[in-house]
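None of the figures in this text is laboratory data; all of them are computed from the coordinates on show. A quick note: this is a predicted structure, and the numbers were derived from the prediction, not measured. All Cβ positions, even for glycine, are placed from backbone atoms using ideal geometry, and neighbour counts span all protein chains on display.
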Amino acid sequence: MNYVRVEFILNPLQPAREILYADLDILGFEAIEDTQSGAIGYMPEIKFTETILENLMVRDLPDQKVEFKIDTIEQKNWNEEWESQFQPIQINSECVIRAPFHKKTEVAYDIVILPKMSFGTGHHETTFLMAQELFQHELKGKSLMDMGCGTGVLAILAKKLGAEDVEGVDIEEWAYENSIENAELNQTNDIKFFHGDVSLISNKQYDVILANINRNILLNDMKDYAKALKDNGSVLLSGFYETDVQAIVSAAKRNGLNFVHSKEKNGWAMIQLSK
């Protein structure tokens, strides 16, 4: 599959970049990376039309200049580009997330991820926050669902931390397939991954639910998370900005969930909810 690579140049850079991230998420860009002058977004060529860039909210900011460069790259070129830039990421003293071509690390939790186009290597703030948070919870013997599992990295880490029945769901078929591949790389083949949406958890219950997606989907699916969470269970959410925390918490409370705490990193946030 070919991908479209769009480089966005922003002047001034802030607060435009945070708004651009939200734009790209809503428009369906599957991966985003920072640059010194803005950001680069990736989208499958079959889904991309240049007209969608006319709907960027960031372009409506007063005195804001937005320029972009569009290129088409083959899937193999994406992999080459990613491999040349990807570096292992240390979540804490016990955990490193790396690629298969990196040297094995001598830590307790050495996670191997080949992300392809999935969003979740630990480099993005939201994945980093969620991975760190998992170490603060007693997962041994717990059932856990990873909604929007992407690479499967959070489900894999949870399994290694002792979670018993671990499942993951992603609406994108390539992410679903990538999760299975990564589970095999980490000898966590008993994780059950599914291709689908939140409706797949409608008749199930879990001790822990993870969802690192985006603000709009989290707000829309909050009722489903609440229904699928066992009493005394926890929901860990990320994929949104620090400025979105109040809206997320309000939606959670409307659905019978309690706010426990939040963490932030470079403007991005994660929150823990309980039942």
Among I209, F240, T188, whose Cα lies farthest out toward the positive end of the dipole of the chain, if unit charges sit on the beta carbon of Lys, Arg (+1) and Asp, Glu (-1)? I209
Pop out the ³J(HN,Hα) list for the stretch 231-241 in order, Karplus 6.51 cos²θ - 1.76 cosθ + 1.60 with θ = phi - 60°, rounded to Hz; leave Gly and Pro as x. 4, 6, x, 10, 10, 10, 10, 7, x, 9, 8
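How do the peptides 32-42, 233-243 rank, highest first, by the average count of neighbouring beta carbon atoms within 10 Å per residue? Don't skip to the answer; put the middle values down first.
Details: 32-42: 16.6, 233-243: 22.4.
Result, highest mean first: 233-243, 32-42.
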Explain nothing, just compute: Karplus ³J(HN,Hα) = 6.51 cos²θ - 1.76 cosθ + 1.60, θ = phi - 60°, for every residue of the stretch 136-141 in order, whole Hz, x for Gly and Pro. 8, 10, 7, 9, 4, x
Taking amide H atoms as placed 1.01 Å from N in the peptide plane, list the residues 5 or more away in sequence, or in a different chain, whose amide H sits under 5 Å from that of L229. Y206
Long-range amide H contacts for I91: which residues qualify at under 5 Å (H placed 1.01 Å from N, peptide plane, sequence gap of 5 or more or a different chain)? V96, I97
Once you have the alpha carbon radius of gyration of the chain, what is it after dividing by 2.2 N^0.38 Å, with N set to its residue count? 0.98
Amide hydrogen neighbours beyond the local backbone of F194, cut-off 5 Å, H modeled: G168, V169, D170
Under 15 Å from the 7 Å Cα→Cβ point of K230, by amide nitrogen: which residues of the stretch 142-185? 142-146, 162-167
With 0.36 nm assigned to each residue of separation and the Cα-Cα distance removed, Q87 to N220 gains 44.4 nm
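Multiply the residue separation of L61 and Q36 by 0.36 nm, subtract the distance between their alpha-carbon atoms, and state the gained length in nm to one decimal.
Values: separation 25, 0.36 × 25 = 9.00 nm, distance 1.97 nm.
Separation in residues times 0.36 nm, less the Cα-Cα distance, equals 7.0 nm.
Could you work out [θ]222 nm for the chain from helices alone, using -39500 (n - 2.57) per DSSP H run of at least four and dividing by all its residues? Round to the nearest 500 deg cm²/dmol.
Details: 7 runs with 78 residues, N = 275.
After summing the helix terms and dividing by residue count, I get -8500 deg cm²/dmol.
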Which whole-Hz couplings ³J(HN,Hα) result when phi for each residue of the stretch 32-40 is put into the Karplus expression 6.51 cos²θ - 1.76 cosθ + 1.60, θ = phi - 60°, listed in order with x for Gly and Pro? 9, 9, 6, 10, 5, 10, x, 6, 10
The number of Lys pairs in the stretch 122-274 whose alpha carbons lie under 15 Å apart, excluding pairs fewer than 8 residues apart on one chain, is 15
Relative to the longest principal axis of the C-alpha atoms of the chain, give the angle of the C-alpha long axis of helix 215-228, reported between 0 and 90° and rounded to the nearest 10°. 10 degrees
For the chain, find the longest principal axis of its Cα atoms and tell me its angle to the long axis of helix 245-254, 0 to 90°, nearest 10. 40 degrees
Compute the long axis of helix 75-85 from its Cα atoms, compare it with the longest principal axis of the Cα atoms of the chain, and write down the angle in degrees, 0 to 90, nearest 10. 80 degrees
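Using the 10 angstrom Cβ neighbour count as an exposure proxy, how do I46, I19 rank, fewest first?
Working: I46 9, I19 19.
By the 10 Å Cβ count, ascending, the order reads I46, I19.
For the stretch 122-274, state the average projected area of the convex hull of the C-alpha atoms over all orientations, rounded to one decimal in nm².
One quarter of the hull surface, i.e. the mean projection, equals 7.8 nm².
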